[in-house]
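First the structure, in the form of structure tokens, and then the observations on it.
The values are calculated or read from the model by the stated rules, or taken from the named source; none is laboratory data. Given the structure is predicted, the values throughout are model-derived calculations rather than measurements. Note: ideal-geometry Cβ built from the backbone for every residue, glycine included; neighbour counts use all protein chains shown. Quick note on the areas: whole protein, heavy atoms, side chains included, nothing else; ligands and nucleic acids left out. Shrake-Rupley method; radii C 1.70, N 1.55, O 1.52, S 1.80 Å.
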Amino acid sequence: METAVDESIRKHVRVYVTVFIALMALTLITVTLSTLHLATPVAIVVALCIAGIKASLVAAYFMHLISEKKVIVAALTLTVVLFLVLMVLPVSHFADRGL
Amino acid sequence: MEIPYTVEPRPDTGLYNAKLGIWLFLASEVMLFGALFSSYVLLRVGATTWPHGYEHLNIPLATVNTVVLITSSVTMVMSWASLAMKNIRRYRLYMGATIALACVFLVIKGFEYAAKFEHGLYPSASTFMAIYFTLTGLHGLHIVGGVIVNSYLLGPGSRMWKTDPARFTNRVEVAGLYWHFVDLVWIFLFPVLYLL
């Protein structure tokens with residue numbers, strides 16, 4: 001029984017190492033792209049997409065969200081919706097004024 | 001009286017209580033940082049000009065700090081995995097490394113702040129510097145909080161390993177969830193403030 005638990009944790013550890021390498025690679029890509037000084041809208045979209053992927057990797061594997069209980073996923077889904085409302089509010093304010 | 005559901009899952013949630021508790025706390029943290037990110041967007045969209053982060057901030061130092069913080073997230077999760085494999089010695093090693101990396105992050109941030117102050121770049125210097133210091137300052141406080149909790153779990157708190165190892169492992173998991181969240185916030189702060 002104990003060896004089965006150990007084996008499962010060892011599998012986890014292999015995943016952690018893979019995720020770590022992916023996070024390092026994505027960090028390198030973000031910094032390299034920033035030196036190209038792309039047009040601001042493009043740079044924002046690209047940088048936020050890469051940050052989103054990195055954040056998803058951390059949440060899914062380091063925080064074990066990928067195998068977490070429904071009650072947590074439900075609470076976080078609500079949080080994400082409210083977070084997106086917060087992000088859209090300032091933009092919609094200026095869109096309303098036609099700026 | 002015993003605190004209920006510190007190890008065994010509560011039948012209705014399927015979780016031990018501390019895990020549900022930390023996730024609800026982290027949800028509130030998302031809204032705290034969300035409010036500040038929202039303020040950043042408002043200030044930036046409303047400004048006639050906005051400086052590029054790389055004009056004022058030190059990207060190499062921030063890149064090193066990104067690597068440091070991501071590495072500390074790995075050592076944190078490895079400290080939990082070590083406990084799950086009943087290896088307290090390896091736990092101490094990884095937890096010690098996590099705390100050390102957090103301190104490295106704070107020292108580097110200290111150098112960055114000092115360099116800004118030397119050039120007269122205080123929060124009052126511009127809207128950009130104001131939001132930069134607010135966001136990184138609040139994040140830095142979260143790092144300090146993590147160092148305090150992790151140091152307790154490495155030091156006096158680790159006595160629980162002898163009396164109640166399953167509960168101690170859960171405590172480390174919960175502290176880890178908080179720590180990964182702090183890493184996650186930095187993953188967004190780094191491009192938003194420094195690279196865009």
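For B:L184, indicate whether it is surrounded by fewer than 21 Cβ atoms within 10 Å (Cβ to Cβ) and on the phi < 0 side of the Ramachandran plot. Criteria not met by B:L184.
Does B:Y54 count as open to solvent by 20 Å² or more (accessible area, probe 1.4 Å) and within 11 Å of another protein chain (Cβ to nearest Cβ)? When the stated conditions are applied, B:Y54 passes them.
When you go through B:L24, B:L42, B:L36 one by one, which is the residue that is touching a residue at least 60 places away in the same chain (Cβ under 8 Å) and either of a type in the set (A, V, I, L, M) or exposed (fewer than 14 other Cβ atoms within 10 Å of the Cβ) (or both)? When all the criteria are applied, what remains is B:L36.
Quick grid of which residues meet (1) surrounded by 15 or more Cβ atoms within 10 Å (Cβ to Cβ); (2) of a type in the set (A, V, I, L, M, F, W, C); (3) modelled with pLDDT under 95; (4) not in a helix (DSSP H, G or I):
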site	(1), (2), (3), (4)
A:F20	yes, yes, no, no
A:L23	yes, yes, no, no
A:L28	no, yes, no, no
A:P41	no, no, yes, no
A:C49	no, yes, no, no
A:K54	yes, no, no, no
A:V58	yes, yes, no, no
A:Y61	yes, no, no, no
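Across the range A:6-20, which residue is nearest to B:Y94 (Cα to Cα) among those that are hydrophobic (A, V, I, L, M, F, W, C) and within 7 Å of chain B (Cβ to nearest Cβ)? Here the answer is A:V13. The single condition among (1) of a type outside the set (D, E, K, R); (2) at the interface with chain A (Cβ under 10 Å from one of its Cβ atoms); (3) open to solvent by 10 Å² or more (accessible area, probe 1.4 Å); (4) more than 25 Å from A:K54 (Cα to Cα) that B:L83 does not satisfy is (3). Please tell me if B:M160 is over 26 Å from A:A59 (Cβ atoms), open to solvent by less than 10 Å² (accessible area, probe 1.4 Å) and among the hydrophobic types (A, V, I, L, M, F, W, C). Judged against the criteria, B:M160 is not a match.
Only one entry of B:F117, B:F105 meets the criterion of being open to solvent by less than 10 Å² (accessible area, probe 1.4 Å), over 29 Å from B:P4 (Cα atoms) and not hydroxyl-bearing (S, T, Y), and that entry is B:F105.
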